[in-house]
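One structure is given here, and the rest of the page talks about it.
The values are calculated or read from the model by the stated rules, or taken from the named source; none is laboratory data. It should be emphasised that the depicted structure is a prediction, and the values quoted were computed from it without experimental measurement. Heads up, the Cβs are rebuilt from the backbone with ideal geometry, glycines too, and the neighbour counts pull from every protein chain shown.
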Amino acid sequence: MKNFIFKYGLMAWLCCSTVTMAQEIPISGLIIDSTISRQGHDFANQLSRFWQDIPNTFGKNVVVKEIILPQAGTQVDVIFDKKIIYRTNFGRRLLPLDEKVNQAVVRLVNAVAQTYAEEENPDLAGDEW
């Protein structure tokens, strides 16, 4: 009888301890690549290399989303904090991406700095000047 109570008591304790231990692991500082084309993938890849070097990105995620525009190519949006901070179009031909990636990185750094400044200064509310 003692062995039976011990086994079920141990099993109940294990079940309760795993329930309390099963918490969500926060994943942050990611670039989510929702691109379709080769140029879109290259753009997201180059942007992710710069994203690793930007400070204060813990808790911030970036989405690179690509939409097909019929007969025109594709449109790539860089979304940060649920806002489109950069939008560009890629034609059908492969062109160098360095200038577009640099523009996106500059806007991304500015967006991170602005969010960090808003978090640090309670005086700067979203509805104030």
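Tell me which residues, restricted to the range 74-94, are within 18 Å of His41 (Cβ to Cβ), without any contact (Cβ under 8 Å) to a residue 24 or more places away in the chain and not polar (S, T, N, Q). If the condition is that a residue be within 18 Å of His41 (Cβ to Cβ), without any contact (Cβ under 8 Å) to a residue 24 or more places away in the chain and not polar (S, T, N, Q), then Asp77, Ile79, Tyr86, Arg87, Gly91, Arg92, Arg93 are the ones that fit.
Take Phe50 and decide whether it is aromatic (Phe, Trp, Tyr), modelled with pLDDT under 90 and part of a loop (DSSP other than H, G, I, E, B).
In short, no.
The set of residues in the range 53-93 being within 18 Å of Asn110 (Cβ to Cβ), part of a strand (DSSP E or B) and of a type in the set (Lys, Arg) consists of Lys83, Arg87. Within the range 24-73, if we keep just the residues that are in contact (Cβ under 8 Å) with a residue 24 or more places away in the chain and acidic (Asp, Glu), the residue that is surrounded by the most Cβ atoms within 10 Å (Cβ to Cβ) turns out to be Glu66. Taking into account only those residues within the range 111-129 that are surrounded by 12 or more Cβ atoms within 10 Å (Cβ to Cβ) and farther than 12 Å from Lys60 by Cβ, which is modelled with the highest pLDDT? Across the range 111-129, the extreme among qualifying residues is Glu118.
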